[in-house]
Amino acid sequence: MSRETNDSPEAYWVYLDQFLIDRLRINKGLSRTEFLKAVDISANTLKAAFRGEGIRAATALELATFFGREVTDLLSTKDPLYKPPASALTPM
């Protein structure tokens with residue numbers, strides 16, 4: 001998938017960490033079917049997110065909000081805006 005050309009926030013694809021999304025879903029005690037019913041996102045879009053494909057930024061925000069997170073917390077290493085978390089351990 002490629003980025004669309006307009007500048008609207010909805011125009012950009014966001015790549016989420018599918019394993020993190022799945023772990024957060026499990027932490028909420030939801031099956032994938034229950035998760036689909038709990039969020040207002042199409043089944044095809046959720047399947048795309050679970051396959052590591054890009055989804056719209058607004059949809060990523062809906063998922064992040066559902067989990068009480070920021071979108072940047074859920075980004076995959078595939079996403080151009082991904083930044084690795086700062087290490088808690090520093091060299092001495």
field: Solvent-accessible surface ranking, highest first, for Glu34, Glu70, Glu53 at 1.4 angstrom
entry: Glu70, Glu34, Glu53
task: Working with all protein chains in place, sort Phe67, Phe19 by solvent-accessible area computed with a 1.4 Å probe, largest first.
output: Phe19, Phe67
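The values are calculated or read from the model by the stated rules, or taken from the named source; none is laboratory data. Everything numeric in this text was worked out from a predicted model, so none of it was measured. Heads up: the accessible areas ignore ligands, DNA and RNA and are worked out on the full protein's heavy atoms, side chains in. Shrake-Rupley method; radii C 1.70, N 1.55, O 1.52, S 1.80 Å.
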